[in-house]
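Written out below as structure tokens is the structure these notes cover.
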Amino acid sequence: MVEVGLLMTIALILALLHFGVPLSYYYYLKKWWLSKPWNIRRDPGYKPKVSIIVPTYNEAGLIESKLDDLAKQDYPRELVEVIVVDSASTDGTPEKVEEWARRNPDVKLALIREPTRRGKAHALNNALKYATGDIVVITDVDTTWSSNDTLSNAVLWFNDLSVGAVTCLKLPAGKGIMRVEEGYREFYNVVRLAESKKHSTPVFHGELAAFRRSLLEKVGGFPTNIGADDSHTATKIALMGYRVIAVDNAWCVENVPRSRYHTWRIRRAQHLIQHFMAILKHLWRAPRELRETLLVEVYLHLLNPWILVIAVAILLYLALNPSIVAIALIALGAT
């Protein structure tokens, strides 16, 4: 009985730790940083040349609407180039791009055809060789920029030389299971925004991630061995002393898959785990405000999930004994 009571106590403490740390971090950021001023100089007249890179693989059903979305942006056309890099699509994606380009001759568009598929990061680095903009923006095909001034709003932050990279905040498209994602995103957006006001956020979004080209070249482009290539590249720039921020005037609508939703979530989590594992050895050289953020995010992504696994394992062991309390807690968690 003593052993059962001790194990139950340990399981409850671990569960409390698993849920309590992220909630405490959320409320700390919301209370102390969310309402703080940005302290970043922005000039509406700042209009650098921009290269927008769109990586594709079998996106024939989406590529034209994506290019339409980019063409609607109010940024001066003469200052924008769109580079579509296609990784050996077999569904006619490149032909769709060429057709769109013929119908929209006022948009400067280049198509790069890769003979073999070698991954998103390789495609981005390939396109980067052809980019001439001072600011490089990467964006996924399966996303929509929420307004016609999304690009202008994102680029505006680079007027301040302390800013090295900018990403969007996200809203999920659709209803149903998307309401779960929407609740998660509300929590997530507060964290990303508050971390950015504190100094920088180590998590970027492929829906819109903008970088100073000079800094991209300094860090060697995008890593080809880490799934979260945008987040890792941005964090490497932050480690150089620049701010990398998620901003509250650039929003993207994300198409969340209705089938295999949990598989999609797990894959994204795995990519972030790779990212934070690789960042561990660089923590010592991070600016203080960034180091604090990285330490918490490393805990949340690398350790916190295992704490829940251990708690659940203990409860399952107790439930097999059986323990009514353990069975009740497992049933409660399952709902």
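Every test in (1) modelled with pLDDT of 90 or more; (2) in a helix (DSSP H, G or I) is passed by residue 265 save one, and that test is (1). Against the list (1) over 20 Å from residue 150 (Cα atoms); (2) touching a residue at least 12 places away in the same chain (Cβ under 8 Å), the condition residue 102 fails is (2).
Within the stretch 207-219, the set of residues being surrounded by fewer than 23 Cβ atoms within 10 Å (Cβ to Cβ) and assigned to a loop (DSSP other than H, G, I, E, B) comprises just one member, 219. Please find, among 278, 311, the residue that is on the phi < 0 side of the Ramachandran plot, small (Gly, Ala, Ser) and at pLDDT below 90. Answer to the check: 311. Taken over the stretch 148-180, the residue count meeting the criterion of being modelled with pLDDT under 90 and open to solvent by 10 Å² or more (accessible area, probe 1.4 Å) is 9. Count of the stretch 72-106 residues, restricted to those that are of a type outside the set (Asp, Glu) and under 18 Å from residue 55 (Cβ atoms), is 16.
Return the only residue of 51, 89, 35 being free of Cβ contacts under 8 Å to residues at least 40 places away in the same chain and touching a strand residue (DSSP E or B) at 6+ places or on another chain (Cβ under 8 Å).
The unique qualifying residue is 89.
Every condition in (1) modelled with pLDDT of 90 or more; (2) at positive phi is met by residue 260 except one, and the failing one is (1). Taking the criterion of being loosely packed, with under 14 Cβ neighbours inside 10 Å, among the aliphatic types (A, V, I, L, M) and farther than 23 Å from residue 222 by Cβ, the residues of the stretch 262-304 that qualify are 295, 303. Any idea how many residues of the stretch 66-79 are under 22 Å from the mean Cα position of the chain (by Cα) and either over 23 Å from residue 126 (Cα atoms) or not basic (Lys, Arg) (or both)? Total meeting the criteria: 4. Close contacts from the stretch 135-162, counting a first residue that is under 13 Å from residue 42 (Cβ atoms) and in a helix (DSSP H, G or I) and a second that is among the polar types (S, T, N, Q) and open to solvent by 10 Å² or more (accessible area, probe 1.4 Å), with Cβ to Cβ under 6 Å and a gap of 6+ residues or different chains, come to 153/249. Out of everything in the stretch 220-234 that is open to solvent by 20 Å² or more (accessible area, probe 1.4 Å) and small (Gly, Ala, Ser), what residue ends up being farthest from residue 203 (Cα to Cα)? Only one residue fits best here, namely 220.
Here's the yes/no breakdown for (1) out of contact with any Gly (no Cβ under 8 Å at 6 or more places or on another chain); (2) modelled with pLDDT under 95; (3) not small (Gly, Ala, Ser):
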| site | (1), (2), (3) |
| --- | --- |
| 51 | no, no, no |
| 61 | yes, yes, no |
| 74 | yes, yes, yes |
| 81 | no, no, yes |
| 97 | yes, no, yes |
| 110 | yes, no, no |
| 133 | yes, no, no |
| 137 | yes, no, yes |
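The values are calculated or read from the model by the stated rules, or taken from the named source; none is laboratory data. Because the structure is predicted, anything quoted here is derived from the model rather than measured. All Cβ positions, even for glycine, are placed from backbone atoms using ideal geometry, and neighbour counts span all protein chains on display. When the accessible area is computed, the model is the full protein with side chains, heavy atoms only, and any ligands, DNA or RNA have been set aside. Shrake-Rupley method; radii C 1.70, N 1.55, O 1.52, S 1.80 Å.
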